[in-house]
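Okay, so here's the structure we're looking at.
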Amino acid sequence: MPIDKESLALNGRWSVQDTCLCASAPAVSVAFKAVTGEVTFDIEGEARFLFEIDGKPQKYVTVTDRKKQKFSTPKDSKPHTYRLVKVSESNPGKFCIHGIDLGKKGSFAEKPKASSRRIEFIGDSFTVGYGVEGKGPEDGTPFEKTNASKSYAFILSESLRADYHVNAVSGRGLVRNYANIVPEWTLETLYDYTMMGVPEQDANTERWDFDRFHPQVVVVFVGINDFQGEPPYADVGKFKQAYVKLLDRLRALHPGVKFLLVATKTWPNDDLGGVVEGIYNDQVAAGKTDILYKFVYTENTALHGHPSENSQKELANTLRPLVARLGGWLSR
């Protein structure tokens, strides 16, 4: 069951290997057009997926080891667009697609065209869509209730018809992780890797080639875990330094890129908004015109006090016009 890589459209960070495609990020997707009566993916790893036909959700599936997952398709002998979206968290580790089988009579059609719009999201559990399907703070497990296709990042990207990368890991801060877990693996460190869910187990895993995707807009929604939960919290000076270093690095990697800085309320000291707004004000005072800032409010009634489905939709609606303005995509 080989992979016809030339027929596939990939969103998110993928490790493209000789015999397989591997990834770990939430909302990574593989799409293709085909004339076929069936589609079978040979998948290895631990992850949850959404299968779509022509942009419409069809079925959720869970893989916990290696499995050949077969999906039914329209029997009209016409080309349709198929997409598999990973909806679970960056952890645990990676998953790999070893093959895509269209059956004896199936065939790939023209590769889906890339969008002229490109957005990157850098964040944590709020960006992942962590626990979004939970109906309360203790309703289910993160693996069962996380759904990246219901995160503001995915919803916003879909509504703008943009290609996207969601580079987010729950519990991670820019310089300090929630409850100081795995302190050596902050977002600042993980960001360099193709599969951000892997380095904790394998520090020699593949590094990301930043020339593979040049976003026009980057949404930076980091810092909740730096300043929330049990102390000690992040040093404000170190956080600011790392934040500005990230912005400057992205400017160098992606000339002309624009930024939307996002912050929200943190508990118990509510420090994040003031710190990020201060960074924004400093950037503007320094003459930067490629940047906007937005403080957002969320209804954190889902699993473990995370945004609900409705709150994620509202967040997408709030940020959409700002992202569109930065990208020059506002409708006239």
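What the table shows:
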{"read-out": "Highest-MSF residue in the chain out of GLY12, GLY229, GLY287 [GNM, Cα springs under 10 Å]", "value": "GLY287"}
{"read-out": "R0 of 41 Å, Cβ-Cβ distance TYR297-LYS105: FRET efficiency to nearest 0.05", "value": "0.20"}
{"read-out": "Reciprocal of mean inverse Cα separation for the stretch 5-108 (Kirkwood radius, Å)", "value": "13.7"}
{"read-out": "Full-extension gain in nm, TRP267 to VAL284, via 0.36 nm per residue minus C-alpha separation", "value": "3.4 nm"}
{"read-out": "Paramagnetic reach from GLN241 (point 7 Å along Cα→Cβ, amide N under 16 Å) across the stretch 178-199", "value": "188-189"}
{"read-out": "Cross-link reach list, lysines versus LYS105, counting only Cα pairs under 20 Å and skipping chain neighbours closer than eight places", "value": "LYS5, LYS33, LYS68, LYS70, LYS75, LYS78"}
{"read-out": "Segment GLU200-LYS59, length gained on full extension (0.36 nm per residue, minus Cα span)", "value": "47.6 nm"}
{"read-out": "Distance from the stretch 1-47 to the stretch 91-121 (C-alpha centre basis), Å", "value": "4"}
{"read-out": "Using a Förster distance of 30 Å, the FRET efficiency for LYS135-SER159 (Cβ separation, nearest 0.05)", "value": "0.75"}
{"read-out": "Estimated dipole of the chain in Debye, rounded to 20 [Cβ of Lys and Arg +1, of Asp and Glu -1, Cα centre]", "value": "1300"}
{"read-out": "Label-to-label distance, nm, for residues given as GLU230 and CYS96 (7 Å Cα→Cβ offset)", "value": "3.8"}
{"read-out": "Candidates VAL85, VAL39, VAL166: whichever shows maximal mean-square fluctuation once the chain is modelled as a Gaussian network with Cα springs under 10 Å", "value": "VAL39"}
{"read-out": "Summed residue charge, Cβ within 12 Å of HIS304's Cβ, Lys/Arg positive, Asp/Glu negative", "value": "-1"}
{"read-out": "Positive minus negative residues near THR141 (Lys, Arg vs Asp, Glu; Cβ under 13 Å)", "value": "-4"}
{"read-out": "Packing-based exposure ordering (other Cβ within 10 Å, fewest first) of ASP211, ASP124, ASP101, ASP270", "value": "ASP211, ASP270, ASP101, ASP124"}
{"read-out": "Gaussian network model of the chain, Cα within-10 Å springs - most flexible of VAL128, VAL16, VAL257", "value": "VAL16"}
{"read-out": "Gained length - SER331 relative to LYS70, 0.36 nm times residue gap less alpha-carbon distance", "value": "90.0 nm"}
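Coordinate-derived values only; no laboratory data. Just so we're clear, the structure is a prediction, and the values are computed from it rather than from any experiment. Backbone-built Cβ (ideal geometry, glycine too); neighbour counts: all protein chains shown.
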